[in-house]
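Data block below; observations after.
The values are calculated or read from the model by the stated rules, or taken from the named source; none is laboratory data. Everything numeric in this text was worked out from a predicted model, so none of it was measured. Reconstructed Cβ throughout: ideal geometry from the backbone, glycine too, with neighbour counts over all protein chains shown. For the accessible areas, the whole protein counts, side chains as well, though only heavy atoms, and no ligand, DNA or RNA atoms are used. Shrake-Rupley method; radii C 1.70, N 1.55, O 1.52, S 1.80 Å.
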Amino acid sequence: MIDRIPLNDGNSIPQLGLGVWQVDPASTAKVVGWGIEAGYRSIDTAEGYGNEEGVGEAVCAAPVPRSDLFITSKLRNSAHERDAALRAFDATMRKLGIDQLDLFLIHWPLPARDRYVEAWKTLVELRDAGRIRSIGVSNFNPDHLDRIIGETGVTPAVNQIELHPAFQQRKVRDYHARHGIRIESWSPLGSGRLLDDPALAAIARKHDRTVAQTIIRWHLQEGLIVIPKSSNRDRIVANFDVAGFQLDADDMKAIVGMDRPGGRTGPDPAVASFMF
Ligand code: A2P
């Protein structure tokens with residue numbers, strides 16, 4: 001049984017979802033269909049992934065009501081200005097084929113462009129118009145968060161950031177706890193790079209689980225929202241099968257020790273300026 005995490009706006013999100021970054025657009029409907037069949041109820045996509053249509057197709061074909069599903073998408077980097085953001089949102093909704101989005105995030109802050117406050121104001125407008133249930137951000141550092149909160153008085157419900165055992169973001173997590181912002185971990189398996197880590201393999205063996213299941217379990221026990229990606233049916237099923245075991249205090253302590261400088265695998269949000 002996967003818990004739901006309460007958000008600061010009164011809504012809630014399933015703690016474990018399926019990420020579809022790098023899932024081939026041509027197979028996304030099939031992959032998301034497998035996920036829904038396996039029990040996932042939260043799907044995380046983005047305009048920049050190019051596979052929103054596939055997610056929409058799977059939602060439409062799902063054997064569960066739309067209201068049981070939690071769909072997240074993200075505003076692309078080149079659309080921070082209000083008019084562009086409104087158009088991008090409409091395009092996302094057309095592709096997803098749904099009436100209301102559960103969660104919409106600003107994908108990257110792009111501080112050098114400095115239009116993310118305008119983008120945030122537009123998301124607030126869309127939420128207030130009832131088109132989105134919850135709004136949040138992705139890859140925002142505390143200084144970016146301070147700015148949007150300071151300029152609008154609206155605190156994001158979530159911030160989706162890179163986070164995994166080799167990059168645990170402890171200081172950043174304290175900031176989020178103080179502000180009531182829930183963290184979603186992207187690349188929760190370290191983009192797959194942690195799967196042959198010997199220390200994690202030892203913990204996995206102790207519980208007779210896979211390394212991926214062990215890492216996903218760690219995110220859950222840390223109170224994080226987690227969205228592992230897989231295009232493989234068996235791995236999609238296995239990654240969801242994490243409710244039946246518990247990491248103990250020794251395991252959790254050992255994983256805390258795996259945090260390391262340079263553990264980041266993706267771009268640094270403070271300087272990232274790419275269009276996505
Ligand atoms: P694949 O899609 O072939 O399963 P992250 O979520 O950290 O970005 O990691 C995603 C990567 O990890 C993908 O390359 C994915 O490949 C791989 N992956 C996901 N789940 C598992 C698993 N249970 N075992 C091995 N590799 C996995």
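Values for this structure:
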item: Cross-link table K171/K253; K206/K229; K229/K253; K171/K206, entries beyond 19 Å C-alpha to C-alpha; result: K206/K229; K229/K253; K171/K206
item: Part-to-part distance (alpha-carbon centres) for the stretch 221-265 and the stretch 86-123, which is given in Å; result: 29 Å
item: Rotationally averaged projected area of the chain (alpha carbon convex hull; nm²); result: 13.4 nm²
item: Among G33, G56, G150: highest mean-square fluctuation, GNM of the chain, C-alpha pairs under 10 Å; result: G150
item: With every protein chain in place, the chain: carbon and sulfur % of accessible area (1.4 Å); result: 50 percent
item: Efficiency of FRET from Cβ geometry, S27 and D128, R₀ 30 Å, rounded to 0.05; result: 0.25
item: Accessible area (Å², 1.4 Å probe, nearest 10) - H179; result: 70 Å²
item: Accessible area (Å², per residue) of the chain, counting only protein heavy atoms and a probe of 1.4 Å; result: 42 Å²
item: Order by protection proxy (mean Cβ within 10 Å, highest first), peptides 244-250, 195-201; result: 195-201, 244-250
item: Residues whose placed amide H lies under 5 Å from that of I13, excluding near-sequence neighbours; result: I5, L7
